[in-house]
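Undergrad: If you scroll down you'll find the structure; I have some questions about it.
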Amino acid sequence: MARRKPFRWHIAVFLAPAVLVYTAIMIVPLFGTLNLSLFNAAEQGRVFVGLRNFATLFGDPRWSASFWNALGNNAWFFLVHMLVQNPVGVALAALLSSPRLRGAAFYRTAIFIPTILSFVIVGFVWKLILSPIWGIAPGMLDAVGLKSLFAPWLGREGTALTTLALISVWQFVGIPMMLIYAALLTIPDEVIEAAEMDGVTGWSQFWKIKLPLILPSIGIISVLTFVGNFNAFDLIYVTQGALAGPNFSTDILGTFLYRTFFGFQLQIGDPHMGATIATAMFAIILLGVCFYLFAIQRRLRRYQF
């Protein structure tokens, strides 16, 4: 008769603190939010309404217009990051991983430094830079003969959201750069030497050899970008305020949730509808992550060295 392996209690002991902390700050609030979205306030207290809050959010024009506007802005915010931040991060990583580049460590540090700055500092500084009254942007453009191109980008409905997205790209492009740089370092020298012996060098080597090997890392970065952008709030709030002006053109789900849950100016806070918006945000993020895991990640070829 085979002897049963003893239970490894030390594993549970080491995991218990992390599990307890994660449960306390993530799992419990998540189920609390889901529970709150199923109730509504009444004179006699909370009343169970099921999915009626979601019907109000998606069916009532007063709520649905704001929700779809915020969701569309979130999608554009994410798209700018996917089309600008991640490709630029990959290109920078490819350049900085070149052994012939001098001062690569300095450039990596300089590009990564904005990532560790607070949103308050970044938002306030860029608001000063782009100000048409006391900002330095008009003077800098005038110095190179391009002052006619300057406009109050943060004050126009058509350009405010894109400008904020590009500011966010400037701040966080260091993250995909460092992750891709680390992935490039894991490629064995034998693979690179074999490619060079076959005459594959430079950018041709990157496209044909290195890029297929780092596609899983690019996929993970895309998921992190998706989750981070649909949880965005700080930069919009610091630069444009809770009303996400002008005329809600920079309103995203985070600011919409803030105004709904806590209230702002003449708007009275409604925790139940706020929880409904938070639950909808959770469902959107969950669907996006599941789509990547089950529809994309399985098709990516992973190479073992």
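The values are calculated or read from the model by the stated rules, or taken from the named source; none is laboratory data. Computed from a prediction, not measured in an experiment: that's the story for all the values here. Don't worry about glycine lacking a Cβ; one is built from the backbone with ideal geometry, like all the others, and counts go over all protein chains shown. For accessibility, only protein heavy atoms count, side chains too; no ligands or nucleic acids. Shrake-Rupley method; radii C 1.70, N 1.55, O 1.52, S 1.80 Å.
Undergrad: Out of curiosity, is PHE54 buried (at least 16 other Cβ atoms within 10 Å of the Cβ) and touching a Leu at 6+ places or on another chain (Cβ under 8 Å)?
TA: Considered against the rule, which asks whether it is buried (at least 16 other Cβ atoms within 10 Å of the Cβ) and touching a Leu at 6+ places or on another chain (Cβ under 8 Å), PHE54 comes out as no.
Undergrad: Determine whether segment 70-78 contains at least one residue that is in contact with a Ser or Thr (Cβ under 7 Å, 6 or more places away or on another chain), assigned to a loop (DSSP other than H, G, I, E, B) and closer than 27 Å to ALA280 by Cα.
TA: No, segment 70-78 has no match at all.
Undergrad: Can you tell me which residues in segment 171-193 are under 19 Å from ASP234 (Cα atoms) and either part of a helix (DSSP H, G or I) or open to solvent by 20 Å² or more (accessible area, probe 1.4 Å) (or both)?
TA: Answer for segment 171-193, where residues must be under 19 Å from ASP234 (Cα atoms) and either part of a helix (DSSP H, G or I) or open to solvent by 20 Å² or more (accessible area, probe 1.4 Å) (or both): GLN171, PHE172, GLY174, ILE175.
Undergrad: Would you check which residues across segment 197-223 are over 15 Å from SER97 (Cβ atoms), loosely packed, with under 15 Cβ neighbours inside 10 Å and either touching a strand residue (DSSP E or B) at 6+ places or on another chain (Cβ under 6 Å) or free of Cβ contacts under 8 Å to residues at least 12 places away in the same chain (or both) and list them?
TA: Result: MET197, ASP198, GLY199, SER204.
Undergrad: In this structure, is SER168 open to solvent by 60 Å² or more (accessible area, probe 1.4 Å), within 30 Å of THR250 (Cβ to Cβ), among the small types (Gly, Ala, Ser) and not in a loop (DSSP other than H, G, I, E, B)?
TA: When the stated conditions are applied, SER168 does not pass them.
Undergrad: Sticking with this one: Name every residue in segment 1-35 that is assigned to a helix (DSSP H, G or I) and either in contact with a Pro (Cβ under 6 Å, 6 or more places away or on another chain) or more than 27 Å from LEU257 (Cα to Cα) (or both), in order of residue number.
TA: TRP9, HIS10, ILE11, ALA12, VAL13, PHE14, LEU15, ALA16, PRO17, ALA18, VAL19, LEU20
Undergrad: So SER148 clears everything in (1) hydroxyl-bearing (Ser, Thr, Tyr); (2) closer than 30 Å to PRO216 by Cα; (3) over 24 Å from the mean Cα position of the chain (by Cα) except one condition, right? Which one?
TA: So SER148 meets the others, but not (2).
Undergrad: List pairs: first in segment 102-121 and over 25 Å from LEU235 (Cβ atoms), second in a helix (DSSP H, G or I) and open to solvent by less than 50 Å² (accessible area, probe 1.4 Å), Cβ under 8 Å, 6+ apart or cross-chain?
TA: Going by the 8 Å Cβ cut-off, the qualifying pairs are ALA104/LEU96.
Undergrad: What number of residues within segment 131-165 are on the phi > 0 side of the Ramachandran plot and open to solvent by less than 20 Å² (accessible area, probe 1.4 Å)?
TA: Counting residues in segment 131-165 that are on the phi > 0 side of the Ramachandran plot and open to solvent by less than 20 Å² (accessible area, probe 1.4 Å) gives 0.
Undergrad: What are the residues in segment 235-267 that are open to solvent by 20 Å² or more (accessible area, probe 1.4 Å) and of a type in the set (A, V, I, L, M, F, W, C), if any?
TA: Matches in segment 235-267: VAL238, LEU243, PHE248, LEU257, PHE261, PHE262, PHE264, LEU266.
Undergrad: For segment 194-241, enumerate the residues that are closer than 30 Å to GLY123 by Cβ and part of a loop (DSSP other than H, G, I, E, B).
TA: Within segment 194-241, ASN231, ALA232, PHE233, GLY241 meet the criteria.
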